[in-house]
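Peer 1: The structure's right below; bear with me while I get my questions together.
The values are calculated or read from the model by the stated rules, or taken from the named source; none is laboratory data. Just so you know, these numbers come straight off a predicted model, no measurement behind them. Heads up, the Cβs are rebuilt from the backbone with ideal geometry, glycines too, and the neighbour counts pull from every protein chain shown. Note: areas computed on protein heavy atoms with side chains; ligands, DNA, RNA excluded. Shrake-Rupley method; radii C 1.70, N 1.55, O 1.52, S 1.80 Å.
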Amino acid sequence: MSDLLSSLNPSQQEAVQHFEGPALVVAGAGSGKTRTVVHRIAYLLRERRVYPAEILAVTFTNKAAGEMKERLEKMVGHAAKDLWVSTFHSASVRILRAYGEYVGLKPGFVIYDDDDQNTLLKEILKELEVEAKPGPFRAMIDRIKNRGDGLVEFMREAPDFIGGVPKEVAAEVYRKYQSGLRMQGAVDFNDLLLLTIELFEQHPEILHKVRQRARFIHVDEYQDTNPVQYELTRLLAGEKPNLMVVGDPDQSIYGFRNADINNILDFSKDYPGARVIRLEENYRSSHAILQVANAVIEKNALRLEKVLRPTKTGGEPVRLYRAPNAREEAAFVAREIARLRDYQNIAVLYRTNAQSRLLEEHLRRAQIPVRLVGAVGFFERREVKDLLAYGRVAINPADSINLRRIVNTPPRGIGATTVARLLEHAQKTGTTVFEAFRAAEQVISRPQQVQAFVRLLDELMEAAFETGPAAFFERVLDETGFRDALKQEQDGEDRLQNVEELLRAARDWEEEEGGTLSDFLDAVALTAKAEEPQGEAPEEAVTLMTLHNAKGLEFPTVFLVGLEENLLPHRNSLNRLEDLEEERRLFYVGITRAQDRLYLSYAEERETYGKREFSRPSRFLDDIPPDLLKEVGAFGDTAVPVLSYSRPEPKPKTQLSEFKGGEKVKHPKFGSGTVVAAMGGEVTVMFPGLGLKKLAVKFAGLERLDG
């Protein structure tokens, strides 16, 4: 027993020695949660004589499951082979392979991946004579299935148009998609969970059998569970649950994937009498970094109280750089990394993929190797390549590869059959594909869409030699409806930002280099070539990634850039308290990736949708006491002391500017609470036991409790 507990702190020991009944382990960033779960499973085996075949541990990724299995093998030896350690989806596959026939599945059912789904959707859209891309419909299907509320409920709240077609047509696409899966003996990943729930609900005798194989259940990253995963966990746990969930509501950042933070916040309500254990000792970050992290996250109302405590002593102060513009911010990052030179131990984190372009450019100029995680190089992104393809065709209409890329991008009613017939005509007559398009009237019966496309290209060919690259791409966007088409996609906001970043790159190039569209495309081709991965990224490379991709990782040095309003928090998050608090959690996740050294930065000017605008520092910077930050200049030297970022001096009590979020207040009727949002003359206050109340500042009679 001593070897199981000796390396653990008291809170970890408490979690490990918990035996029966429900338990919630609130595990802060860097607090050793995986270590705790592994030791707890070993404790059940050694001290409580639980059979390995009675233990289930669920994680969110195959990688995490593999790492847990490896640790368990080292700790418990051969017994690890009989443990059930898997993802939600893998566990569901295992159950459905054994009992799938009870819900209409054939023994050899196949699991469709993204490409398979797209192929099926394309066939359905063709059958319905709908000229659209499958992306928006796949997003619709994922949303319906992840929420678990069915097509009828989804359609009640759905917008009038989905993927450019009336929602009634989209509903028919969904029905045909489900029918197509069944006819082909297939399921998608979401079906795996839904069918397992259906199996358990319709056949309690099977649920009873599976529960014997899962008497002791562990669920990692519980804050990231969606409604379907929550329901599957509830069914497996049963009426007398031996369920231990591990997670941190302060790191719940996947709302866009339908993760529901209330699953972990309400655990004690869902499982009365549950034991709550907090892991607050942090083994990752320095004292200075944790002070900043705690100051930020305590402003959120939707959380479970905890304070990270450092186990490491010393550490450098957290640095803040105020850049005059986005280019200078990227230049600062490159200079500091060149000075530090510890490339493999440095990460640069940002809110959106579009921000990577300037960072890549400046790091490349400084000859600093880069590893781009979770995204392709900027000029290799689909929407960027689509726009560049328009430029290449406008300069060289004989470029059949790029012509075929843009012929139905965005959708314009030119189907694959039409294109195939025109290609065949070009081969027979020995002409270019574009010339075959010009002769569409002679080749196909309904040439109107092709003729309209040719007229568009004629106009763009003139523009290619009359305007600069930025104006050319703007014209493409205006003439084709490219932006509107992207808005319909699941990740449309990110893709739109990449489009705007391409326009920004074109304008920057015109200012610095000058020249024609053709010159710009040459420069891009050379840059894109430099971006191409040459096998594996070098070991000594700086890691670039979004904040969402950084979760679960750690680095000795972290640069967290773009800390501005409308970036972090993102502009799409400003209208709902839940979304705003998720953005603050995202900032917190970024901060707690840093072990020894943390840089925060923002730009006073940044281009937004083609316009240079003054940007306001993120409201989250106001959450940090100024004495916790060291402001530095453009070359890393100490600058003026940090005093304030964006907020005016407090005005009389009746003015809204008194509140910015996080203040402790007292209401004459509702008692003490925390201000969580302030907007439009109103504040939203979280009152314990009462929930959220929206109050008019002028009449609420709020009393400040924190000075």
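Peer 1: Kindly establish whether Ala347 is among the small types (Gly, Ala, Ser), closer than 23 Å to Asp491 by Cβ and not in a loop (DSSP other than H, G, I, E, B).
Peer 2: For Ala347, the condition - among the small types (Gly, Ala, Ser), closer than 23 Å to Asp491 by Cβ and not in a loop (DSSP other than H, G, I, E, B) - is met.
Peer 1: Limited to the stretch 465-489, what total is found for residues that are more than 24 Å from Ile414 (Cβ to Cβ) and not aromatic (Phe, Trp, Tyr)?
Peer 2: Adding up the residues that qualify gives 6.
Yes/no matrix, rows are residues, columns are (1) outside any helix (DSSP H, G or I); (2) of a type in the set (Ser, Thr, Tyr); (3) surrounded by fewer than 18 Cβ atoms within 10 Å (Cβ to Cβ); (4) in contact with a helix residue (DSSP H, G or I) (Cβ under 9 Å, 6 or more places away or on another chain):
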site	(1), (2), (3), (4)
Gly552	yes, no, yes, yes
Asn572	no, no, yes, yes
Glu583	no, no, no, yes
Leu598	yes, no, no, yes
Glu607	yes, no, no, yes
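Peer 1: Just wondering, is there one or more residues in the stretch 16-27 that are in a helix (DSSP H, G or I), open to solvent by 20 Å² or more (accessible area, probe 1.4 Å) and free of Cβ contacts under 8 Å to residues at least 40 places away in the same chain?
Peer 2: yes
Peer 1: I need the strands (runs of 3 or more DSSP E) fully contained in the stretch 171-279, keeping only those with at least 3 residues that are closer than 29 Å to Leu151 by Cα.
Peer 2: 186-188
Peer 1: Quick check on the stretch 613-633: of everything there that is free of Cβ contacts under 8 Å to residues at least 24 places away in the same chain and in a strand (DSSP E or B), which residue is most open to solvent (accessible area, probe 1.4 Å)?
Peer 2: The extreme case among them is Phe614.
Peer 1: Being open to solvent by 10 Å² or more (accessible area, probe 1.4 Å) and in contact (Cβ under 8 Å) with a residue 12 or more places away in the chain is the requirement here; does Gly30 meet it?
Peer 2: It is true that Gly30 is open to solvent by 10 Å² or more (accessible area, probe 1.4 Å) and in contact (Cβ under 8 Å) with a residue 12 or more places away in the chain.
Peer 1: Could you tell me which residue of the stretch 638-681 is modelled with the lowest pLDDT, considering only residues that are charged (D, E, K, R) and surrounded by 16 or more Cβ atoms within 10 Å (Cβ to Cβ)?
Peer 2: Glu658
Peer 1: Determine the pairs where a residue that is without any contact (Cβ under 8 Å) to a residue 60 or more places away in the chain, located within the stretch 228-241, has a partner that is in a helix (DSSP H, G or I) with Cβ atoms under 7 Å apart, the partner being 6 or more residues away or on another chain.
Peer 2: Hits for this filter: Tyr230/Asn263; Leu235/Ile197; Leu235/Phe200; Leu235/Leu207; Gly238/Arg211.
Peer 1: Suppose we filter Glu435, Glu474 for residues that are at pLDDT below 90, farther than 27 Å from Glu127 by Cα and either surrounded by 13 or more Cβ atoms within 10 Å (Cβ to Cβ) or of a type in the set (Val, Ile, Thr) (or both); which single one remains?
Peer 2: Glu435 is the lone residue from the list that is at pLDDT below 90, farther than 27 Å from Glu127 by Cα and either surrounded by 13 or more Cβ atoms within 10 Å (Cβ to Cβ) or of a type in the set (Val, Ile, Thr) (or both).
Peer 1: Additional query: Considering only helices (runs of 4 or more DSSP H) fully contained in the stretch 361-431, which possess at least 3 residues that are out of contact with any helix residue (DSSP H, G or I) (no Cβ under 6 Å at 6 or more places or on another chain) and modelled with pLDDT under 85?
Peer 2: Once the helices (runs of 4 or more DSSP H) in the stretch 361-431 are filtered for at least 3 residues that are out of contact with any helix residue (DSSP H, G or I) (no Cβ under 6 Å at 6 or more places or on another chain) and modelled with pLDDT under 85, what remains is 416-429.
Peer 1: Consider only pairs whose beta carbons are under 9 Å apart and that are at least six residues apart or on different chains; among these, list those whose first residue lies in the stretch 163-190 and is closer than 15 Å to Tyr112 by Cα and among the hydroxyl-bearing types (Ser, Thr, Tyr) and whose second residue is outside any helix (DSSP H, G or I) and open to solvent by less than 30 Å² (accessible area, probe 1.4 Å).
Peer 2: From the stretch 163-190, the pairs are Tyr177/Asp188.
Peer 1: Could you list all residues from the stretch 77-110 that are under 28 Å from Met183 (Cβ atoms), assigned to a helix (DSSP H, G or I) and open to solvent by 30 Å² or more (accessible area, probe 1.4 Å)?
Peer 2: The answer is His89, Ser90, Val93, Arg94, Arg97, Ala98, Tyr99, Glu101, Tyr102.
Peer 1: Ok, one more. Being open to solvent by 10 Å² or more (accessible area, probe 1.4 Å) and in contact with a helix residue (DSSP H, G or I) (Cβ under 8 Å, 6 or more places away or on another chain) is the filter here, so list the residues in the stretch 194-204 that pass it.
Peer 2: Leu194, Leu195, Ile197, Glu198, Glu201, Gln202, His203
Peer 1: Going through Gly148, Gly180 one at a time, which residue ends up being in contact with a Pro (Cβ under 6 Å, 6 or more places away or on another chain), over 20 Å from Glu489 (Cβ atoms) and either of a type outside the set (Val, Ile, Thr) or at pLDDT 85 or above (or both)?
Peer 2: So the residue among Gly148, Gly180 that is in contact with a Pro (Cβ under 6 Å, 6 or more places away or on another chain), over 20 Å from Glu489 (Cβ atoms) and either of a type outside the set (Val, Ile, Thr) or at pLDDT 85 or above (or both) is Gly148.
Peer 1: Being out of contact with any helix residue (DSSP H, G or I) (no Cβ under 6 Å at 6 or more places or on another chain), closer than 24 Å to Arg507 by Cβ and open to solvent by 50 Å² or more (accessible area, probe 1.4 Å) is the requirement here; does Glu441 meet it?
Peer 2: For Glu441, the condition - out of contact with any helix residue (DSSP H, G or I) (no Cβ under 6 Å at 6 or more places or on another chain), closer than 24 Å to Arg507 by Cβ and open to solvent by 50 Å² or more (accessible area, probe 1.4 Å) - is not met.
Peer 1: Also, quick follow-up: Output the residues belonging to the stretch 409-435 that are of a type in the set (A, V, I, L, M) and in contact with a Ser or Thr (Cβ under 7 Å, 6 or more places away or on another chain).
Peer 2: Ala426, Val433 - these are the residues of the stretch 409-435 that are of a type in the set (A, V, I, L, M) and in contact with a Ser or Thr (Cβ under 7 Å, 6 or more places away or on another chain).
Peer 1: Would you point out the residue of the stretch 486-515, among those that are surrounded by fewer than 16 Cβ atoms within 10 Å (Cβ to Cβ) and in a loop (DSSP other than H, G, I, E, B), that is modelled with the highest pLDDT?
Peer 2: Gly515
Peer 1: Considering each residue of the stretch 34-65, count those that are in a helix (DSSP H, G or I), open to solvent by less than 10 Å² (accessible area, probe 1.4 Å), small (Gly, Ala, Ser) and at pLDDT 90 or above, and give that number.
Peer 2: Matching residues across the stretch 34-65 total 1.
Peer 1: Next up: Condition (residue is open to solvent by less than 20 Å² (accessible area, probe 1.4 Å), over 30 Å from Gly32 (Cα atoms) and touching a residue at least 40 places away in the same chain (Cβ under 8 Å)) applied to the stretch 151-160: is it met by at least one residue?
Peer 2: no
Peer 1: Filter the stretch 229-272 down to the residues that are among the β-branched types (Val, Ile, Thr) and open to solvent by less than 10 Å² (accessible area, probe 1.4 Å), then identify the one that is farthest from Val16 (Cα to Cα).
Peer 2: Filtering first and then ranking leaves Ile253.
Results for (1) touching a strand residue (DSSP E or B) at 6+ places or on another chain (Cβ under 7 Å); (2) open to solvent by 30 Å² or more (accessible area, probe 1.4 Å), shown as yes or no for each residue.
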{"residue": "Ala338", "(1), (2)": "no, yes"}
{"residue": "Gln344", "(1), (2)": "no, yes"}
{"residue": "Ser356", "(1), (2)": "yes, no"}
{"residue": "Leu363", "(1), (2)": "yes, no"}
{"residue": "Gln367", "(1), (2)": "no, yes"}
{"residue": "Leu372", "(1), (2)": "yes, yes"}
{"residue": "Phe379", "(1), (2)": "no, no"}
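Peer 1: Checking Tyr174 against (1) surrounded by 15 or more Cβ atoms within 10 Å (Cβ to Cβ); (2) within 17 Å of Val228 (Cβ to Cβ); (3) at pLDDT below 90, which single condition isn't satisfied?
Peer 2: Against the list (1) surrounded by 15 or more Cβ atoms within 10 Å (Cβ to Cβ); (2) within 17 Å of Val228 (Cβ to Cβ); (3) at pLDDT below 90, Tyr174 comes up short only on (3).
Peer 1: Which ones in the stretch 319-332 are touching a His at 6+ places or on another chain (Cβ under 7 Å) and open to solvent by less than 10 Å² (accessible area, probe 1.4 Å)?
Peer 2: Ala330
Peer 1: Check whether at least one residue in the stretch 309-325 is closer than 30 Å to Glu607 by Cα and either in a loop (DSSP other than H, G, I, E, B) or free of Cβ contacts under 8 Å to residues at least 12 places away in the same chain (or both), and report yes or no.
Peer 2: Yes, the stretch 309-325 has at least one match.
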